[in-house]
Amino acid sequence: MNHSESPYRGRPASSFNFQHIRYDKQDYRATVTFNRPEVLNAVCYPMLLELREAFLDVSFDDGIAVLVLTGAGDRAFCTGADLNEQKQFAEVPQNYWKWMGAFIDAHDRLRNLGKPSIARLNGIVVGGGNEFNLSCDLAIAADDIYIRQVGASHGSVAAAGATQWLPLVVGDRRAREMLLLNEEIPAAKALEWGLVNQVTPRAQLDAAVDAMAGKLYRKLPEVTRYTKQQINFWRDLSWGLTIGHARDWLGIHAAAPETIEAVQAFGEKRKPDYDAVRRRWAEAAPAQTCPHCGASGLPPAHTFCGQCGGKLG
């Protein structure tokens, strides 16, 4: 086998038939672009499979020193999961567990490239899009973008990156503000908080990314790789201790009433009915106790005891 044909080498970017991302290599730099601008670069399952393949190739290509991650167009970097795709998980929650597996794989490969990555924030950064921002080593933002977490408002928990890493990046109080209030963080505040390393006028975004990539290229590659490994300790620790639990919880709750209401509201272009959700909590019937065998905690809608089969009151 020729050295150039080794499975431990990268491939030409043109040899990949990606449909949901763009993948380019030029000189020492690889660029991966979320390429669904018609839905604000929302992430779908096929995109996640392509991302993990591209990130693996970046890590194996010894000619590549830096990865730039960005979004197509100028409206969005990435706005997280595609809620139109997520509708199916209300009927088959098990499939969300599988979806999360691909999401986790993509992040693991991005964080563990063995070379530095730059998030080029060319538009709004929302939900899971911010988790991709946080998975990168450095970030440069156009001055007219904002960053926002939306889970508590729109039916999901930011349990796959944001809840683990935001406290490390911006501090506990600011992380809670982002995750609980879901308000927009403008670029200037994002810089002040440490969510990004640099903010630049939109017209100068590419020049700023080029300059940072050039600085990263002029560093020792093996030393850089091990530096990343050491810096990643706290992120890897929090991620490793919680991501499996998050995957199961999100999969199980894909069919929860709150999630269904939030997804329906998105499709109907309205806000979720928070009052109705809270009324359901307040008005929920208490669990039943079987008068025959004493089994407790039985669902209020059940007519017969699941333990002895006796008729419930």
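Just so you know, all these numbers are worked out from the coordinates, no wet-lab data involved. In this text the structure is predicted, and so the values were computed from the model without any measurement. Backbone-built Cβ (ideal geometry, glycine too); neighbour counts: all protein chains shown.
Per-structure values
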| quantity | calculated |
| --- | --- |
| Cβ-derived FRET efficiency at R0 51 Å, residue 6 paired with residue 181, nearest 0.05 | 0.50 |
| Zone of residue 75's modelled label, taken as backbone nitrogen in region 103-131 under 13 Å from a point 7 Å along Cα→Cβ | 123-124 |
| Förster radius 35 Å - calculated FRET efficiency between residue 56 and residue 269 (Cβ-Cβ, nearest 0.05) | 0.40 |
| Summed residue charge, Cβ within 10 Å of residue 74's Cβ, Lys/Arg positive, Asp/Glu negative | +1 |
| Between helix 205-217 and the chain: long-axis angle, C-alpha atoms, 0 to 90°, nearest 10 | 70 degrees |
| Whichever aspartates and glutamates have a C-alpha closer than 19 Å to that of residue 311, once near sequence neighbours (fewer than 8 apart) are set aside | none |
| In region 151-207, trypsin sites (Lys or Arg not before Pro) in a DSSP loop with at most 11 other beta-carbon atoms within 10 Å | none |
| Among 110, 180, 134, residue whose mean-square fluctuation peaks in a GNM of the chain (springs only between Cα atoms under 10 Å) | 180 |
| Global geometry of region 273-313, whether rounded, prolate or oblate, following the gyration tensor of its Cα atoms and the 1.5 cut on a/c | prolate |
| Sorted by Cβ density within 10 Å, fewest first, the residues 69, 49, 83 | 49, 83, 69 |
| Ranked 296, 59, 156, 238, criterion: other C-beta atoms within 10 Å, fewest first | 296, 238, 59, 156 |
| Expected 222 nm ellipticity per residue - DSSP helices of 4 or more, -39500 (n - 2.57), all of the chain, to 500 | -13500 deg cm²/dmol |
| Environment charge at residue 235 (Cβ cut-off 15 Å; Lys +1, Arg +1, Asp -1, Glu -1) | -1 |
| Distance between modelled label sites at residue 207 and residue 38, nm, 7 Å Cα→Cβ extension | 3.5 nm |
| Max mean-square fluctuation residue, GNM over the chain, Cα-Cα springs under 10 Å, options 282, 203, 152 | 282 |
| Cross-link pairs beyond the 32 Å C-alpha cut-off, checked among 87/228; 115/269; 189/269; 189/228 | 87/228; 115/269 |
| Point-to-point label distance, residue 249-residue 225, nm (Cα→Cβ direction, 7 Å offset) | 3.5 nm |
| Degrees separating the helix 172-181 axis from the principal Cα axis of the chain, which is the longest one | 60 degrees |
| Burial ordering of 293, 305, fewest other beta-carbon atoms within 10 Å first | 293, 305 |
| Counted charge near residue 136, where neighbours are those whose Cβ lies closer than 12 Å (Asp, Glu -1; Lys, Arg +1) | +3 |
| Principal axis dimensions, region 204-300 - Cα atoms, whole angstrom, descending | 76, 39, 17 |
| Rg [Å, one decimal], Dmax [Å, integer] - the chain, C-alpha atoms | 22.5, 77 |
